[in-house]
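Reviewing the structure listed below.
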Amino acid sequence: MPRSISCWFRVRGDRVDLLLNELSLSPPARDRVMARTRIEALLTTMRAATGEGLNRVLRTCEDFWGTPLSEGYTVAHWLQDGEVDLEMRRYLKAFASKGPFIDELLEAADAESGTLSEYRAAGQCGRAIGLAARSDEPLVSAEVGPWGTDPLTVESLIVSDSGSSDSSEVVCNLFAASTVEARRDWIRDRLRNKLRNGMDISGPGEPRHERGVLDRVPGPVSPPPQDMVR
């Protein structure tokens, strides 16, 4: 991996990652059957998105594997669940096994710009929505409550030594295979413009492609070990 985020984004070229909207997995499903259905729907959306040329990488928050899907049943449990198709489990494991995490990208962006930031959509604070607003990369959401809509409006609050500012960004939210089809032209334009526009991670107050970038890259991360789930 390159020694800086700046180099890392250049190496990615015209690839566009998918960002898992962690807010869409809360509240947890009422039971494991519904939890499995939600993850299966997410994977269907992801397959459709990569079929349109988006990168086979799902950026997640650092606590992804411990995310509760239903009572007593986390993503890590799902990964080891013998009632779930093995290929589906392998698919998610391959997709979500790469760093850096969304949290790390946002924290490093704030550290570089000397700011603190908060992002809200549908009245909730989130991390993936913030990275989507800063990088113009698409969210992938479970079709639950307010997350079954596209586009989403993300409200940003940026605080620095000189004061605070707020703004809003409209972001792409893929919550079903049908939304990928509806967004086909946007995805193709995004892929064409990615390399030409340069950097993706944005600082406050400037156009996305003109703002500063990050200066560190965490190493690759691995899914939980096989003996993690009992």
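The values are calculated or read from the model by the stated rules, or taken from the named source; none is laboratory data. In this text the structure is predicted, and so the values were computed from the model without any measurement. Counting neighbours? That spans all protein chains shown, and the Cβs are built from the backbone with ideal geometry, glycine included.
Starting from region 177-193, take each residue that is of a type outside the set (Phe, Trp, Tyr) and list its partners that are surrounded by fewer than 12 Cβ atoms within 10 Å (Cβ to Cβ) and outside any helix (DSSP H, G or I), counting only C-beta distances under 8 angstrom and pairs at least six apart or across chains.
As it stands, the answer is none, since no pair meets every condition given.
Which condition breaks for LEU25 when tested against (1) among the hydrophobic types (A, V, I, L, M, F, W, C); (2) in contact with a helix residue (DSSP H, G or I) (Cβ under 7 Å, 6 or more places away or on another chain); (3) surrounded by 20 or more Cβ atoms within 10 Å (Cβ to Cβ)?
(2)
Among the helices (runs of 4 or more DSSP H) confined wholly to region 85-169, which include 1 or more residues that are among the small types (Gly, Ala, Ser) and in contact with a helix residue (DSSP H, G or I) (Cβ under 9 Å, 6 or more places away or on another chain)?
Those helices (runs of 4 or more DSSP H) span 102-113, 128-135.
List pairs: first residue in region 24-51 and within 30 Å of ARG188 (Cβ to Cβ), second residue among the basic types (Lys, Arg) and not in a helix (DSSP H, G or I) anywhere in the structure, Cβ distance under 7 angstrom, at least six positions apart or on different chains.
Between residues of region 24-51 that are within 30 Å of ARG188 (Cβ to Cβ) and residues that are among the basic types (Lys, Arg) and not in a helix (DSSP H, G or I), the close pairs are THR50/ARG56.
With at pLDDT below 95 and out of contact with any Pro (no Cβ under 7 Å at 6 or more places or on another chain) as the only criterion, which of ARG15, ARG89 stands out?
The unique qualifying residue is ARG15.
Of the residues that make up region 163-171, is at least one under 30 Å from SER70 (Cα atoms), surrounded by 15 or more Cβ atoms within 10 Å (Cβ to Cβ), modelled with pLDDT under 90 and hydrophobic (A, V, I, L, M, F, W, C)?
No, there is no match, as no residue in region 163-171 is under 30 Å from SER70 (Cα atoms), surrounded by 15 or more Cβ atoms within 10 Å (Cβ to Cβ), modelled with pLDDT under 90 and hydrophobic (A, V, I, L, M, F, W, C).
If you take the residues in region 47-62 that are over 13 Å from the mean Cα position of the chain (by Cα) and not in a helix (DSSP H, G or I), which one is surrounded by the most Cβ atoms within 10 Å (Cβ to Cβ)?
Only one residue tops the list, namely GLU52.
Across region 71-97, what is the number of residues that are within 16 Å of the chain's Cα centre (by Cα) and buried (at least 18 other Cβ atoms within 10 Å of the Cβ)?
Of the residues in region 71-97, 4 are within 16 Å of the chain's Cα centre (by Cα) and buried (at least 18 other Cβ atoms within 10 Å of the Cβ).
Within region 177-201, take every residue that is out of contact with any Leu (no Cβ under 7 Å at 6 or more places or on another chain) and surrounded by 19 or more Cβ atoms within 10 Å (Cβ to Cβ) and give me the one that is modelled with the highest pLDDT.
Result: THR179.
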